[in-house]
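Some notes on the structure that comes next.
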């Protein structure tokens with residue numbers, strides 16, 4: 001394994017650059033020219049922190065699936081929208097730029113986010129062609145567009161089922177409903193939104209399952225391919241849902257552990273979004 005680190009500087013940062021860390025699988029002698037998918041992992045944390053439970057443990061799982069893995073330590077509060085989306089867009093562009101060198105398939109760059117970082121990942125999925133994002137970092141829409149989304153119990157809506165604190169940290173304490181609607185992602189899905197793998201639990205007490213259901217319904221209306229799994233039990237922030245990421249109030253939920261082999265199968269049959 002080789003590691004790469006890159007500071008990412010974009011307009012709007014108040015607390016210094018973001019950090020992209022890459023874990024690159026060394027070439028295997030039987031297939032030295034193989035180009036692999038790349039998965040950029042963004043850990044949740046309500047837009048005020050980044051949970052280590054949802055970063056490296058997930059990255060290692062994606063490496064075990066044969067993907068290059070990257071972790072983006074993106075900006076959180078007091079940074080506001082769209083700073084972190086610009087950072088993620090720049091990360092996608094940077095990896096795509098180095099795809100030949102790193103043996104990355106440039107048509108299989110996928111962003112993975114948990115909880116509030118699910119909102120971040122999905123924000124790039126719907127705002128990749130918005131000038132507010134791409135123009136500010138000197139990129140083109142094609143350079144920053146992810147090819148797929150992996151969304152783990154994501155924050156999506158600023159409406160009735162909103163996780164209010166995430167939106168306060170993303171937009172400011174005095175946020176209006178109009179401002180929340182402007183980043184309520186189910187409203188911005190288009191035919192060009194990347195395909196997605198989404199999972200949630202029915203009993204999530206912090207980010208209601210309706211967040212994922214609203215997104216899936218919007219994607220269906222726009223004919224965007226997705227895979228959705230709703231587990232009957234389990235709290236918020238499960239990460240791998242096993243002993244590795246449990247403790248300090250976080251659960252082991254055996255049934256939810258199946259999301260890992262399911263997303264592995266999704267990646268195996270992944271095709272770039274049309």
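Points to keep in mind about this one:
- Residue 28-residue 107 FRET efficiency (beta carbon distance; Förster radius 25 Å; 0.05 resolution): 0.75
- For the chain, the 222 nm mean residue ellipticity estimated from helices alone, with every DSSP H stretch of n ≥ 4 adding -39500 (n - 2.57) and the total spread over all residues, rounds to -8500 deg cm²/dmol.
- Among 195, 221, 86, a tally of other beta-carbon atoms within 10 Å of each Cβ gives an order, fewest to most, of 221, 195, 86.
- Shape class for segment 1-83, computed from the alpha carbon gyration tensor (a ≥ b ≥ c): prolate, with a/c not under 1.5 and a/b above b/c.
- Once you reduce segment 47-86 and segment 157-215 to the center of their Cα atoms, the two points are 18 Å from each other.
- Choice from 176, 193, 203 showing the highest fluctuation, given a GNM over the chain with Cα pairs closer than 10 Å: 176
- Straightening the chain between residue 1 and residue 60 buys 20.1 nm, computed as 0.36 nm per residue apart minus the Cα-Cα spacing.
- Highest-MSF residue in the chain out of 230, 40, 109 [GNM, Cα springs under 10 Å]: 230
- Enclosed volume per residue, in Å³, of the convex hull spanned by Cα atoms of the chain: 120
- Largest mean-square fluctuation among 157, 83, 245, in a Gaussian network model of the chain whose springs join Cα atoms under 10 Å apart, belongs to 245.
- Beta bridge orientation in the chain: antiparallel %, DSSP, nearest 5: 35
Where a number appears in this text, it was derived from the coordinates with a stated rule and is not lab data. Because the structure is a prediction, the values reported are computed rather than measured. Cβ atoms come from the backbone with ideal geometry, glycine included; neighbour counts cover every protein chain shown.
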